[in-house]
Amino acid sequence: MFDSAILVPSVLNGITTGALYALVALGLTLIYGVLHIINFAHGALLMVALYMVYFLWKLAGLDPYWSLLIVPPAMFVIGYALQRLVITRASHGRDENILLVTLGLAILIENVALYLFSSDTQVVDTPYGFDVVEMFGAFVPYPKVVAFFGALATAAALWAFIRLTDLGRAIRAVAREKKGARLVGIEVGHVYAMSFGIGVGVLGIAACLLMPSYYVTPQVGHGFVLIAFTIVVLGGMGSFTGALIGGLVIGVVEAVGGLWLGESLGQIGIFAIFILILLFRPQGIMGHQA
Amino acid sequence: MPEKIVPEELMLEVEGIRAGYGRVEVLRGVSLSIAKGEIVALLGSNGVGKTTFISVLSGLIRPWEGAARFLGQPLRPNPAAVLSAGLVQVPEGRHIFPNLTVRDNLMLGGYRRGRNARKRNLEHVLETFPRLKERLSQRAGTMSGGEQQMLAIGRGLMAEPELLILDEPSLGLSPLLVEEMFALIKRLNGEGLTILLVEQNVHLTLDIADRGFVMENGAITLEGPAQAMLDDPELQRSYLGV
């Protein structure tokens, strides 16, 4: 149907984009898995991180990759504080309130950004922005290759952290058994805030990897959060491996779908998959039966 | 610790605890004391407030009124502080971490203890429960009910308790396992552990206990040596419905 000269670059493009989608989805799925809430502010917080990367470049001349040292820790602190000081307090312990609080935060953050930065599209200009790497006979933009490997490394690090450290164990314990966790002396509030902070911190990494090949506007998060949510459902709510596989699948479907149906209809495939998954495997690829 | 203030043998001293949920009062002034090395039985039918009472001790519920002293220190309403002080609860329904391996469950039991202490305690727990040793890398949720109960107790032991509170440890176990469970409690006590045993199984409990308390309607209505309670059929009929 397609010449491999067209298909291969398209699939590679999909995989590299998909890895970044996966990264955004990893934070969302971590927060869902532990706190059992959908963080509607996820897209808005990605936007905040992208603006950080942009202004560090614009005002301080910092390369987006060097921003990896600053933006993820800053986003972690923002996430931790948001959970501890705003979300928990405003929700009064009710999950349905948390949905509204994060949705309200998203609207607030976006409008403040709109007021401060206007809706103009901003990009960073890097010396390697137009470099390409040859892979399987196709040319892939250098920033996308970096983003792909960066996303995989982040996912691996996150996986190791959750599996092998005390805090990681505590996070998994709280996710499934709150009372048991309190009885072994785990401070549930702290674990919640750490999970939220880590989930938001990962957005900081995604922003640094994304910015050299992308742009930022106050609304940039919308597209990402919808896709990330699809990935979380596709992979199985709360599953890391699922988010990673789901991200890659969605990236490829979008790219190949775009090739087939035209750029503007490329996302049809994503939501067709979304509906099929909900119909036939609602627990997701890696999810467990409820 | 000055002996005048804290008699050596006294471990837990509870006075006039009132507590509840929302506006509903569950505990209407509970007082009791436990001496070092004892097995104390807390008896009473469902819904009289036994679990609420030990939730207060563990710091899960803040009492409205009253005070508790543990090893001479005031017991703070904070689960981590209570645990560090050496008061450990193995809850009814086990509440183990089903998605984690047996090893990770045990490691989390020692969450408040140092790395070396954890390693040492793990060895001891695995000696006590050889069954768990075979299953270290198995997911806890896939084990049988009896094994999960062992794990729950093992996880409690990982926290180096001075006083171990067991809430309905025999619930849902087969008769053979129930007997094993009581033998185990007796053995742990023999190793120097003080135990507060909350149970429905009145006979077996009073059999191994030193003293018993009967709770009714959120208050202690009867206390005495376990043997005397066991020998008093009238008391058993009227208070415990057996």
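The distance from the alpha carbon centre of segment A:206-268 to that of segment A:87-144 is 12 Å, rounded to a whole number. As an exercise, use a Förster radius of 60 Å and the Cβ-Cβ distance of A:VAL132 and B:ARG62 to find the FRET efficiency, rounded to the nearest 0.05. It comes to 0.45. Taking amide H positions as modeled 1.01 Å from N, with prolines and chain starts lacking one, the residues under 5 Å from B:THR194 and 5 or more places away or on another chain are B:GLY37, B:LEU164.
³J(HN,Hα) across segment B:127-137 via Karplus (A = 6.51, B = -1.76, C = 1.60, θ = phi - 60°), whole Hz, x for Gly/Pro? These are the phi-based 3J(HN,Hα) values: 5, 5, 10, x, 4, 5, 4, 5, 10, 3, 9 Hz.
Springs join every pair of Cα atoms under 10 Å in this Gaussian network model of chain B, and among B:ARG155, B:ARG18, B:ARG187 the largest mean-square fluctuation is at B:ARG187. Between A:GLY251, A:GLY262, A:GLY238, the GNM of chain A built on Cα springs shorter than 10 angstrom shows A:GLY262 fluctuating the most. Of all lysines in the structure, those lying under 22 Å Cα to Cα from B:LYS133, and not within fewer than 8 positions of it along the same chain, are B:LYS119, B:LYS186. Counted by Cβ distance under 11 Å from B:GLU160, the other residues give a net charge of +3, where Lys and Arg count +1 and Asp and Glu count -1. What does the charge count near B:GLY49 come to, summing +1 for each Lys or Arg and -1 for each Asp or Glu among other residues with Cβ under 10 Å from its Cβ? Spelling it out: positives minus negatives among the neighbours equals 0. The ranking of A:ASP95, B:ASP104, A:ASP3 by Cβ neighbour count inside 10 Å, starting from the fewest, reads A:ASP3, A:ASP95, B:ASP104.
Helical runs assigned H by DSSP (4 residues or longer) give chain B a calculated mean residue ellipticity at 222 nm of -10000 deg cm²/dmol, each run adding -39500 (n - 2.57) before division by the residue total. Other protein chain C-beta atoms within 10 Å of residue C-beta, averaged over A:183-195: 5. When the square roots of the Cα gyration tensor eigenvalues are ordered a ≥ b ≥ c, the ratio a/c for segment B:69-214 is 1.5 or more and a/b does not exceed b/c, which makes its shape oblate. When each of A:VAL48, A:VAL11, A:VAL232 is scored by the number of other beta-carbon atoms lying within 10 Å, the sequence from fewest to most is A:VAL11, A:VAL48, A:VAL232.
Distance between the C-alpha centres of segment B:147-221 and segment A:10-70: 51 Å, rounded to the whole angstrom.
Computed 3J(HN,Hα) for segment A:222-239, one whole-Hz value per residue from the Karplus formula 6.51 cos²θ - 1.76 cosθ + 1.60 where θ = phi - 60°, is 3, x, 5, 5, 5, 5, 4, 5, 4, 5, 4, 5, 4, x, x, 3, x, 9, glycine and proline marked x. Over segment A:23-220, the fraction of Cα-Cα pairs per 10 Å bin, rounded to whole percents and listed from the shortest bin up, is 9, 33, 33, 18, 6, 1.
GNM on chain A, alpha-carbon springs under 10 angstrom: the most fluctuating residue among A:PRO212, A:PRO73, A:PRO64 is A:PRO73. Near the amide H of B:ILE220, within less than 5 Å, lie the amide hydrogens of B:SER31, all on another chain or at least 5 residues away, with H placed in the peptide plane.
For a straight C-alpha distance cut-off of 16 angstrom, the aspartates and glutamates reachable from B:LYS36 (same-chain residues fewer than eight places away being disregarded) are B:GLU3, B:GLU8, B:GLU9, B:GLU13, B:GLU160, B:GLU162, B:GLU191, B:ASP210. Counts of other chain beta carbons within 10 angstrom of each beta carbon in peptide B:94-101 average 6. Using just its DSSP H runs of length 4 or more, each adding -39500 (n - 2.57), chain A gives a mean residue ellipticity at 222 nm of -23500 deg cm²/dmol after division by all residues.
Bridging of A:LYS179 to lysines at a Cα separation below 21 Å is possible for B:LYS50, once same-chain residues fewer than 8 apart are set aside. Legend: mean number of C-beta atoms from other chains within 10 angstrom of residue C-beta atoms, peptide B:151-164, equals 1.
Sorted fewest first by neighbouring Cβ atoms within 10 angstrom, B:ARG135, B:ARG94 come out as B:ARG135, B:ARG94. Remark: segment B:193-206, residue by residue, has Karplus-estimated 3J(HN,Hα) of 8, 7, 10, 10, 10, 9, 8, 8, 7, 4, 5, 4, 5, 5 Hz, where x stands for each Gly or Pro and the curve is 6.51 cos²θ - 1.76 cosθ + 1.60 at θ = phi - 60°.
How much of the DSSP beta bridge set in the protein assembly as shown is antiparallel, as a percent to the nearest 5? Expressed as a percentage, antiparallel bridges in the protein assembly as shown total about 60. Annotation: amide H-H contacts under 5 Å for B:ARG18 (H modelled 1.01 Å from N, sequence separation of 5 or more, or interchain): B:GLY29, B:VAL30, B:TRP64, B:GLU65, B:GLY66.
The numbers here are math on the coordinates, done by the rules we state, and not lab data. Computed from a predicted structure; not experimentally measured. Quick reminder, even Gly has a Cβ in these numbers, built from the backbone with ideal geometry, and neighbours come from all protein chains shown.
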